[in-house]
Each structure stands twice: as C-alpha cells, then as structure tokens.
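**Student:** I have a structure I would like to understand better, so I am pasting it below and will then ask my questions one at a time.
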Amino acid sequence: MSARRPVAVLLSLQAVALLLLTAAATATWWNERATVGAEVDSIQRRAREIRGQAAIAALEPYAYGSDRDPKHIVAAEEAVARARGLVDSLAQDMPAQAPAFVNMGEALADMTEVIAVMGRVSPEADLTGALNELTTARVELGSSLSVVEDASAALSRDHFDQYMQINMLLWGSLLLTMLATGLAARRGAVANDLDVEREQRQVNRGLAEALDAAVEGKPAEEGGQLRPVESFRPVYDAVTRTIALLADLRAQNLKMQRRTSFLKDIQDALSMTETEDQVMSTAYRAANQAYPAADFAMLLVDPGKGRMAAHRDEHKRPCGVTNPEQCPAVHKGRTLHHKGGDGPETLARCPHIREPGVSVSCAPVHVVGNPAAIAQLSRYQIDETGFDDLEALALAVASRLGVVRSLAERELEAGTDPLTGLANRRILNDRLAGLDSANIPYTIVLCDLDHFKRLNDSYGHDVGDKCLVTFAEVLRRACRDSDVPCRLGGEEFVLLLPGANMKAGLSVALRIRTFLAEASARIQLPYTASIGVASKPDHGNTGEAVLRAADAAMYDAKEGGRDQVVPARALPLLEAAR
C-alpha cells in the first residue's frame, strides 16, 4: 500500500541514511572507545597498583618498628621494587608526563634509602624520623600519580570530545536533509496516514476479537477477522503465537485445577481417617478413581522388622521387594517409572520387578524423613497415563500418616506409666468400661508390694524404682497378650484378665507370686507382694465393684501376714462388710 506513494520513497531514503550514518558513527565511537578506554584503564590500573605497593612499603616499616622482624623490611623493599617497575612502565607509555615520573622516581629512591637505613640500625633505635620520611615520600609519590591519572583522564575526555563533535556534525547533516525532504513529503504522508489508520482500525478490531475468543476458549474461526495484512505482519505473528500460548496455558490450567481438586478431595477424605488401616483404604479408593484401568498397591514398611509387604493382595503386586533397603525409590527419595519391554529405556529398570513386560511406577511415602510406604502403580498404558495424581496421593498419604502416628504416640504416652511402661489408671478404666458395655466377664488381680516404704527408706528410691520395674516385668511374663497389666500408682498394680474366670485369675496370681520370688532372688533383693483376686460377675457387675472386691481381698492378704494370694469374699459377705 505505502510503496505506491512518493512519501514512502522519501522515508525509505531517510531511513537508509539514518541507518548508515548511525552505523558509521557507532562503529567509529566504539572503536575509539575500546582503544582509548583500554589505554586509560591500563594506566589507571597501574597507578592503583603503584599506590598499593607504596602503601605496603610505608606500612611494613611500622610493623618492623613494633616487632623488629626483618621480614617486614624485606617486604617493604620488594614493594618499592615492584612500584618502581610499574613507574618505568608508565613512563614509557606517557612520555609527555616525564616530570611527574622523575618526581616518582625520586620519591621511590627516598623510600628505598629510608627502608635500607631502618634495616641497618640497632633494635633500640628510634624510627620515628624514618617513618615520617617514608610518609612524606609516599605523599609525594601520590601527588605525582594524581598528575598522571588526571592527564590520562583528560586524554580520554579530549579524545571523546573530538569524536562527539564529528557525530554531531553527521547528525546535523542528517537533520537538515530530513527537514528539506519532509516538507515535500507532507502532502503524501497525510494521505498515506489516513489509509494506514483505516487499515489499522480494521486489523486492531480483528486482533481484539481473536484475542477475546482465545481468552474465552472459543475456536479461532469465531474470533473475527484475523487477516495477515503485510504491513502488520509482525503484530499478526505475535498475536497468533499469543493465541497458541493462551490455548496451551488453558490446557495446563485445567490440568492443574483437576490435580488440585483431586489433591483436595484426597486430603478431605484422609482428614476423616483415624488409623493407619483407614488411611490405606482411603488411598486405595482414591487410586481406583484416578487410575481405574491400572493396578495399585500400597507397600507398607515395618520399621521394627525392617520388612516391606503389601497392605492387601500381596500376591498381586508386580515386584518382590521385601526390604526397604532393596527399593530404588526409597534410596533416591523420588518417584521412579520403570517401563516394560526390551528397549534401551529399560536399562535402569528395577531388578525386583517380576514381570518384564509390565510398566511400574513407585512413589515413596516418607514420614518424618523415614520410609513408611511405597505407592505403586502397575499395568498401565504409558502414553495415556499421567503421574501427577500418583505423586499427589503419596504426598497426602505421607502427611496424614505423620498425623495419625503422632496422635497414636501421644495417646500411648498419655495412657502409659513413665517408670514401668505399663498402662495407667486411665487405660484400666477405659478397658473396664468397654468390657462392661459388651457384658464380657473378666477377673482382676490386684497386687501391692509388701513393706515398700521400709524398702525405700532402707535402700533409697533408686532401689525402690528397680523393684517396681522388676515387678512390672513379672506381670508381663505372667499374663497373656490380651491381658492388661497396669500400675495404679505407688506400689499398687492391677492385672486385668478379659474373659477369665476366678479359677484362672487365682492361677495367674499364684504364678505372679512364684515369678516374683525368682526375680527378687535374681536381683539379690528379696521382697514380696500381697495379692487379691476378684471377678465379674461373681463379685460385682461393674468394674468399680469388682475392683473394690479385689482391693478388700488384697487387704485381707495384708492382714493375714502378707506374701499370699487371697480370693475375694462372696458378694453377700462383701455387702455385709460394707
């Protein structure tokens, strides 16, 4: 369009002239700047080095005056020698400043002479005068250096001023040319501008409609007239790329929204779990939703045994890893993808995968820095599967497992006696309430160590604590895994036997007495216990009543001479005693 008008030719000529003159001026300026700048920088750098060496030559004698170590004189002489070499180098490059270099040489000679004298005088001599002379010589050297530095800076300024004048002349010529031709092109430019404005409005309208359609996610053909007008080709290309980028960003945003929604759903579901088994079950449900066509398994790590096994369907998992130390995903601490087949991409495939044609992905689940599980996905289509959901699932499971285990540890600490490790009264009351609610019979064995206060007074509390710990071990040894040994406080212990009758309780009580005799002999500190036994429903229908009956039987054992097992009295006798 503009090529048919005279103004376009004139503007083109002016643009060419502008480019040529600018290129010539820029090239000349940069060449001179590089040459002169390098020379000036070299002069300034050497001047700074001379100042530095002069400072060393002036400061080292001060150190010599303090400790009289000859190495300071040597260092000062070497600094003066280096400064002298740099001065000679500068003198060759700047012959016009010969008087300044003569002054520098004299100042360095004075410094050399003073330093030599200081090295020859006796250790007791006063060096104040010599140090003052050094300072004076250093000041004179600095003054001469300033003259040289100022001269080099002036040289640079003069040189650049000259080239700036040349550039100004060139630009002045260009300006006169543009003014002369601009008046002649004004009429054609006005007509050309009107056409350009009209076409620009059309193109802008088309670009705006195309961008709006891209933002709203509509197809490109619904975005109006996006015409590749030649004069606006760069804008057209830029908008086309922007539309493609917007489409890609929209796809990524949808993917991120789906992952964020999936992660939130997992976290909401996991927040309602209270046990590790519930956490694992929720993980399986989430994996089945995210990967319905693939197999999923959670491999749990048992830290106590150092073993790894599937939470469910052990025979279905594709790998044979039984120890977390064997798992590459645990070692590297990141998700690993093992492709199936025989291609070169399978070279780093985990050797523990049983089926060579199966693709497997393993995402480690770490709790407080320790491996807790592996989220394992297998038998999926590689090109059709994304693994963001797998990593999000592993991250959410790790977070919830940490919370569940922390709560379990706190619950255990709250219900455990810190000295013996046995359950405390809180746990006993909870278990009794549960058994009463389920109407399950049980037997209570109540034990009290004999003469425990005298034992503490005679041997000290450390020995008393040792006796308590030993008795706790006796209780653990005498009971079943389903029984609940507890310490009520002080020297009083309880053993709860769910499902046991009175006969079984008396048998366990006698076993406790026998084991205690063996244990106390082993620690060479004989002590005994008085034991009372009561059961439900023989001595009451609530935990409180049965415990009260066992307590009465234990006091009967105390009054009967201690170190014995006494069954609780029958229910009518208990009522009469109260």
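The values are calculated or read from the model by the stated rules, or taken from the named source; none is laboratory data. Just so it is clear, the structure is predicted and the values come from calculations on it, not from any experiment. A quick note on method: Cβ atoms are made from the backbone with ideal geometry, for glycine too, and the neighbour counts reach across all protein chains shown.
**Student:** Being at pLDDT 85 or above and assigned by TED's automatic domain parsing to the domain that holds Gly490: is that true of Ser361 here?
**Tutor:** No; evaluated as a whole, the condition is false for this residue.
**Student:** Which condition number does Arg400 fail, the rest of (1) of a type in the set (Lys, Arg); (2) not in a helix (DSSP H, G or I); (3) not assigned by TED's automatic domain parsing to the domain that holds Asp556 being met?
**Tutor:** Failed condition: (2).
**Student:** Let me ask you something else. It is to be established whether one or more residues within the stretch 527-541 are part of a helix (DSSP H, G or I), more than 57 Å from the chain's Cα centre (by Cα), at pLDDT 90 or above and more than 16 Å from Ala433 (Cα to Cα).
**Tutor:** Among the residues of the stretch 527-541, not one is part of a helix (DSSP H, G or I), more than 57 Å from the chain's Cα centre (by Cα), at pLDDT 90 or above and more than 16 Å from Ala433 (Cα to Cα), which makes the answer no.
**Student:** Taking the stated definitions as given, is Asp483 assigned by TED's automatic domain parsing to the domain that holds Val546, surrounded by 18 or more Cβ atoms within 10 Å (Cβ to Cβ) and of a type in the set (Asp, Glu)?
**Tutor:** It is true that Asp483 is assigned by TED's automatic domain parsing to the domain that holds Val546, surrounded by 18 or more Cβ atoms within 10 Å (Cβ to Cβ) and of a type in the set (Asp, Glu).
**Student:** Quick one: which of Leu194, Leu176, Leu169 is loosely packed, with under 13 Cβ neighbours inside 10 Å, modelled with pLDDT of 65 or more and not assigned by TED's automatic domain parsing to the domain that holds Thr35? Let's see the steps before the verdict.
**Tutor:** Numbers: Leu176 fails: not assigned by TED's automatic domain parsing to the domain that holds Thr35; Leu169 fails: not assigned by TED's automatic domain parsing to the domain that holds Thr35.
None of the other options fit; the residue is Leu194.
**Student:** Next question, about the same structure. List every residue pair whose Cβ atoms sit under 8 Å apart, with the two residues 6 or more apart in sequence or on different chains, where the first one lies in the stretch 450-467 and is closer than 19 Å to Tyr555 by Cβ and the second, anywhere, is small (Gly, Ala, Ser) and part of a helix (DSSP H, G or I).
**Tutor:** Listed pairs, sorted by first residue: Phe452/Gly464.
**Student:** Helices (runs of 4 or more DSSP H) wholly in the stretch 412-523 with at least 3 residues that are modelled with pLDDT under 95 and touching a helix residue (DSSP H, G or I) at 6+ places or on another chain (Cβ under 6 Å) - which ones?
**Tutor:** Numbers: elements: 425-438, 452-459, 461-478, 502-522.
Output list reads 461-478, 502-522.
**Student:** Of these, Asn132, Asn103, which one is over 57 Å from the mean Cα position of the chain (by Cα) and within 26 Å of Arg45 (Cα to Cα)?
**Tutor:** Working: Asn132 fails: within 26 Å of Arg45 (Cα to Cα).
The match here is Asn103.
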